[in-house]
Amino acid sequence: MIEELREKLDKDEVTSEELFNEALKKAHQYQEEYNSFVTIMDQYKIKKRADSILTGIPYALKDNFSTSGILTTASSNILKDYVPVYDATVYKKLKQSGAVLVGKTVLDELAMGGTGTTAATGIVRNPWDKERLIGGSSAGSAAAVALGIVPFAIGSDTGDSIRKPASYGGVVGYKPTYGRISRYGLFAFASSLDHVGVFTRSVRDAAIVTDIIKGQDSHDMTSLKDDNKTYLKEVDNDIKGRKLFYIKEICNLDNYKDSNDKELIETLTRFNELLDKCRDQGFIIEEVSIDKQLLEAIYPTYMTISCAEATSNNANLTGIQFGPRGQGNSIDEIIFDARTKGFSELIKRRFILGSYILQKENQEKLYLNACRIRRLIVDKITELFKEYDGMILPASGSGAPKFDDSSEKLSDRYLILENHMAIGNFGGFPSITIPYCFVNNMPVGVNITGRIMEDDVVLNIANKIEELTGLKGIKAGDMHV
Amino acid sequence: MYKAVIGLEVHCELDTNSKNFSASPNTFTEIPNINVSTVDLGLPGILPYPNKEAVKKALKTAMALHCTNPDEVVFDRKNYFYPDLPKGYQITQVTKPMGINGYLDILVNGEKKRVLIHQLHLEEDTASLDHFNNYSLIDYNRSGIPLIEIVTEPCIENADQAVTFLEDLRDVFLFLGVSEARSNYGQMRCDVNISVMKDTDKELGTKVEMKNINAFTNVRAAIEYEIKRQTGLLESGGKVVQETRRIAEDGKTYSMREKVDAVDYKYFVEPNIPPVKLSDEFYQKLMEEIPELKLERYEKYINEYHLSEYDVGVLSSKKDISDYFEEVLSYGSDIELTVNFVTSAILSTIKKLEIDIKDLFITPKMLSGIVDKVKNKDISLDHGKKILYQAIEQKIDPNEIIKKQNLHQINDKDQLLNLICEVMDENKEQVRQYIEDGNTYVYNFFIGKVMQNSNRQANPNVSLEIIKEELERRKNSESK
């Protein structure tokens, strides 16, 4: 973890170059089996005279952040040779802080997808069980941290693209308030939902990295004025009397009476045990009920808005300015050919959906209604946040699924339990997933979502809960030594 | 009888330091692709950051055109694929344009015509394309330059009105200082929509669209040609096809493409630019920055200052000249004399020196000083102008020159009488001619001498009166 490495570096027990080389060695060692990286760096590069808590600490960056001079593919064939000419703000800040880039990590193509199986360079495997997926879209970043290759990695989160793979990978995944971290240089998927966030192996580490990369950015008009807080200083605050709620329609075992899904039952049972432990520590935790129709609308609302924005955001990928040039006799044919060859079927499906959703005759019914439902959901949660400091829910209904798992996508479990984390994107709420139990030998995460702007409170609550799980700092890499 | 119905869509690039959503310079250059940033190229991960100056200038223009302004600034995306559009969408305004439902009054052949403005919105310009035989070149210098689009209602009836509207609209831009609006640089471009219908028809005829006409003369030619063409078609029982046409160098229009179904641009609100509320104070401040426009000044000069049509034309056509003129007046100077100075000496000087009036050495304050001295008969008009030229040449405050050369006009009657008596005593022959022969031509002789001896400071009118009196006095005293 970062603080341990910091201490070793400061005591000269290890050099940052040694840490880098060790990370590099592991990166290569695990690459064939787990496929975390699109690009593994070959040169140790650190900013001279940098002096921060991250100076000399190796990390990985999702391959949808613009890195000047370093290949950035977004795991899509249409960008397979794209070398950016400018740095994303996050990357720039990490460079300034003296953190050392180890590699660019694999994602679901263009960050669209939640499985980690759709990258142009192949599937990413779960470090806890190679037969299982790690989840996505920030698959490689989650795997790289779970494997212990790097102590932290940067991801992006549009629906739950950090917090779901964090749950499946047994690591901490944190997405701060919308605007807390600049999106400049993050390849846009759905701008109103896109967040930059971090993977670490402890809540403290998540606070440390966020402290470095947050702040207002003159390149991103949606970035927030800095709150001038050091989150690391807030994580140990007293939580006595902090009020949390969980949603009955998601967590109550009675909802799943007829289910013989043992993993789901165990996940929820362990969740309830965790809540009891939290209560013992002084948290007040209550059950609230939310209209099931509203909850069932989360996933379709997410798909509708994200596909609509994605089809527009990715309209720059034509092979005209950059990327493989298509063939044809007219400009339309050339663009058509480049995009036909450059995107996988899944991506094209989303673009066609998005285009359909935005069409004049459908916009009111599909796009604008989805925006209204988004507002209803956010209003409902915001109203609850008047009374509660946060919302606590299981991040998934089990450990990571196997690759051949064909779950019933419209069952209650899939529709609500597996998709509720998009609430954090709808409202821009700070939201964190930390590992809380093992079910069938696979880690499962608990998700805590808090009031907008209150990143410090969410990290504080998560840090206290982490102490109760006994799972701080776990990594799958230990199993492979 | 047939009549034409014309609507215009005018694009005008705004004059700002940087582009609409990036920090690239907004300057005209012949060198391609140098005013370009990652944002203008639409590279993955870029975000737009709106230019406050462009927003203010667009709002100001909308206000000057009497539009209703929005309560907040919101941008939208217009989605379509074209190589001149690097992001695959253009940031523009649909939800809340900078202005709606405005108008501009214009004078067409002496008659006032109100052209209704449907809306004014702010958007970004596209890159420019140069097409060659088997390839095309893209220049991104233009990509992202702030552009306002002004859409009129279909309320224009003929080419005269259309061209006058464009000229006056350009004056609005110039008077507001929002754009240089040079059509030869493509800074101001115009789409013309035109249809023809019978006087008695209730429904509009089929619309023909002509895009991106730069020169106003071409707008005139295109409209005149289209009215003839469409009327001819209808009169001969034909039908007008809905299509896009272009104007060629021969002054005729040619079909480019028939209009298929309208393109669906799939507009939606730009998510990267949060709405910015506009306060009443903000609008109040903007309002204060809006100067009187040409027509207002024109009417003021005619109705309040009672100037001649010619002088009004000269003084109201350019904002800097009009501002100069009005500043002189603001010091309380005489209107008629000020007009005289500005329209002759000042304008001929800046024309000769090929400079802008703001670069002229003579400030309105200095000119006001001279005008006042002429008005008070301290100096003659003739002298006033001479001093002005001298001041410009030597770059000296004209009031200093007047002091130094002691050039005040001599109006004092006793002083003048002394001068005149001196001259008459020196020129007895001319006095004799008046007394004995009654020759009045000697008046001019003496005036000349007096002016000469007084270093041209004597007031000629007063001198003449005294000369006449003195000659008569001498005649009478001799006969006694």
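The values are calculated or read from the model by the stated rules, or taken from the named source; none is laboratory data. On a predicted model such as this, the values are computed, not experimentally measured, just so you know. Neighbour counts are summed over all protein chains in view; Cβ atoms, including those assigned to glycine, are modelled from backbone coordinates with ideal geometry.
Residues are listed down the side, and each one gets a yes or a no for (1) in contact with a His (Cβ under 8 Å, 6 or more places away or on another chain); (2) of a type outside the set (A, V, I, L, M, F, W, C); (3) modelled with pLDDT under 95; (4) not in a loop (DSSP other than H, G, I, E, B):
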position: B:114; (1), (2), (3), (4): no, yes, no, yes
position: B:118; (1), (2), (3), (4): no, yes, no, yes
position: B:121; (1), (2), (3), (4): no, yes, no, yes
position: B:134; (1), (2), (3), (4): no, yes, yes, no
position: B:147; (1), (2), (3), (4): yes, no, no, yes
position: B:151; (1), (2), (3), (4): yes, no, no, yes
position: B:154; (1), (2), (3), (4): no, yes, no, no
position: B:161; (1), (2), (3), (4): no, yes, no, yes
position: B:165; (1), (2), (3), (4): no, no, no, yes
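Checked against (1) farther than 20 Å from residue A:477 by Cα; (2) of a type in the set (Lys, Arg); (3) surrounded by fewer than 14 Cβ atoms within 10 Å (Cβ to Cβ), residue A:25 passes all but condition (1). Inspect the stretch A:330-344 for any residue being over 15 Å from residue B:81 (Cα atoms), of a type in the set (S, T, N, Q) and either more than 11 Å from chain B (Cβ to nearest Cβ) or touching a residue at least 12 places away in the same chain (Cβ under 8 Å) (or both) and give the result as yes or no. Looking for residues that are over 15 Å from residue B:81 (Cα atoms), of a type in the set (S, T, N, Q) and either more than 11 Å from chain B (Cβ to nearest Cβ) or touching a residue at least 12 places away in the same chain (Cβ under 8 Å) (or both), one finds at least one in the stretch A:330-344, hence yes. Can you work out which of the residues in the stretch A:170-199 that are farther than 20 Å from residue B:41 by Cβ and polar (S, T, N, Q) is farthest from the chain's Cα centre (by Cα)? The residue in question is A:192. Applying the condition of being in contact with a helix residue (DSSP H, G or I) (Cβ under 7 Å, 6 or more places away or on another chain), in contact (Cβ under 8 Å) with a residue 40 or more places away in the chain and at the interface with another protein chain (Cβ under 8 Å from one of its Cβ atoms) to the stretch A:312-328 and asking which residue is farthest from residue A:370 (Cα to Cα) yields A:317.
Within the stretch B:395-415, residues that are at negative phi have Cβ atoms under 7 Å from residues that are among the small types (Gly, Ala, Ser) in these pairs: B:397/B:391; B:398/B:369; B:398/B:391; B:399/B:369; B:401/B:391; B:409/B:380; B:410/B:454; B:410/B:458, counting only partners at least 6 apart in sequence or on another chain.
Filtering B:258, B:309 for residues that are touching a strand residue (DSSP E or B) at 6+ places or on another chain (Cβ under 9 Å), surrounded by fewer than 13 Cβ atoms within 10 Å (Cβ to Cβ) and among the acidic types (Asp, Glu) leaves a single hit, B:258. Picking from B:66, B:118, which residue would you name as being of a type outside the set (Gly, Ala, Ser) and within 22 Å of the chain's Cα centre (by Cα)? Just a single option satisfies the conditions, and that option is B:66. Of all residues in the stretch B:422-430, at least one satisfies being outside any helix (DSSP H, G or I) and closer than 17 Å to residue B:464 by Cβ.
Quick one: in the stretch B:77-105, of everything that is within 14 Å of chain A (Cβ to nearest Cβ) and touching a helix residue (DSSP H, G or I) at 6+ places or on another chain (Cβ under 7 Å), which residue is farthest from residue A:191 (Cα to Cα)?
B:83
Looking at the stretch A:195-292, the strands (runs of 3 or more DSSP E) lying wholly inside it that each contain 3 or more residues that are surrounded by 15 or more Cβ atoms within 10 Å (Cβ to Cβ) and not hydrophobic (A, V, I, L, M, F, W, C) sit at A:195-200.
The residue that is surrounded by the most Cβ atoms within 10 Å (Cβ to Cβ), among those in the stretch A:38-92 that are over 23 Å from the mean Cα position of the chain (by Cα), among the charged types (D, E, K, R) and closer than 16 Å to residue A:104 by Cβ, is A:81. Determine, yes or no, whether residue A:334 is within 27 Å of residue A:115 (Cα to Cα), of a type outside the set (Lys, Arg) and in a helix (DSSP H, G or I). No, not satisfied. Of the candidates B:254, B:185, the single residue that is more than 28 Å from the chain's Cα centre (by Cα) and not assigned by TED's automatic domain parsing to the domain that holds residue B:316 is B:254. Candidates B:362, B:387: the one that is outside any helix (DSSP H, G or I) and outside the structural domain of residue B:457 (by TED's automatic domain parsing) is B:362.
Residue-wise test of (1) touching a helix residue (DSSP H, G or I) at 6+ places or on another chain (Cβ under 7 Å); (2) on the phi < 0 side of the Ramachandran plot; (3) not in a loop (DSSP other than H, G, I, E, B).
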position: A:365; (1), (2), (3): no, yes, yes
position: A:375; (1), (2), (3): no, yes, yes
position: A:400; (1), (2), (3): yes, yes, no
position: A:414; (1), (2), (3): no, yes, yes
position: A:424; (1), (2), (3): no, yes, yes
position: A:438; (1), (2), (3): no, yes, yes
position: A:444; (1), (2), (3): yes, yes, yes
position: A:447; (1), (2), (3): yes, yes, yes
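Pairs meeting the criteria (first residue in the stretch B:190-205 and farther than 17 Å from residue B:255 by Cβ, second residue assigned to a strand (DSSP E or B) and β-branched (Val, Ile, Thr), beta carbons under 8 Å, at least 6 apart or on different chains) are B:190/B:10; B:190/B:213; B:197/B:5; B:204/B:5. Considered as a group, the residues in the stretch A:165-194 that are in a strand (DSSP E or B) and of a type outside the set (Val, Ile, Thr) include one that is nearest to residue A:232 (Cα to Cα), and that residue is A:174. As a summary of the residue check, residue B:74 satisfies the conditions (1) among the hydrophobic types (A, V, I, L, M, F, W, C); (2) more than 11 Å from chain A (Cβ to nearest Cβ); (3) crowded, with 20+ Cβ neighbours inside 10 Å; (4) closer than 14 Å to residue B:122 by Cβ except for the one numbered (3).
Being closer than 19 Å to residue B:12 by Cβ and under 25 Å from the mean Cα position of the chain (by Cα) is the filter here; which residues of the stretch B:143-160 pass it? Hits for the stretch B:143-160 are B:145, B:146, B:147, B:148, B:149, B:150, B:151, B:152, B:153, B:156.
Evaluate the stretch A:360-375: report whether one residue or more is within 11 Å of another protein chain (Cβ to nearest Cβ), aromatic (Phe, Trp, Tyr), farther than 15 Å from residue B:81 by Cα and touching a residue at least 12 places away in the same chain (Cβ under 8 Å). Yes, some residue in the stretch A:360-375 is within 11 Å of another protein chain (Cβ to nearest Cβ), aromatic (Phe, Trp, Tyr), farther than 15 Å from residue B:81 by Cα and touching a residue at least 12 places away in the same chain (Cβ under 8 Å). When A:161, A:138, A:202, A:156 are checked against the criterion of being among the polar types (S, T, N, Q) and over 10 Å from the mean Cα position of the chain (by Cα), A:202 stands alone in meeting it. Among the listed residues B:47, B:41, identify the single one that is in contact with a His (Cβ under 7 Å, 6 or more places away or on another chain) and under 18 Å from residue B:140 (Cα atoms). B:47 is the lone residue from the list that is in contact with a His (Cβ under 7 Å, 6 or more places away or on another chain) and under 18 Å from residue B:140 (Cα atoms). Any residue at all in the stretch B:426-441 that is of a type in the set (A, V, I, L, M), touching a residue at least 24 places away in the same chain (Cβ under 8 Å), in contact with a Ser or Thr (Cβ under 7 Å, 6 or more places away or on another chain) and surrounded by 12 or more Cβ atoms within 10 Å (Cβ to Cβ)? No, the stretch B:426-441 contains no residue that is of a type in the set (A, V, I, L, M), touching a residue at least 24 places away in the same chain (Cβ under 8 Å), in contact with a Ser or Thr (Cβ under 7 Å, 6 or more places away or on another chain) and surrounded by 12 or more Cβ atoms within 10 Å (Cβ to Cβ). Listed by first and then second residue, the pairs linking a residue in the stretch B:27-47 that is in the same structural domain as residue B:146 (by TED's automatic domain parsing) to a residue that is aliphatic (A, V, I, L, M) and part of a helix (DSSP H, G or I), with Cβ atoms under 6 Å apart and 6 or more places separating them unless they lie on different chains, are B:46/B:39.
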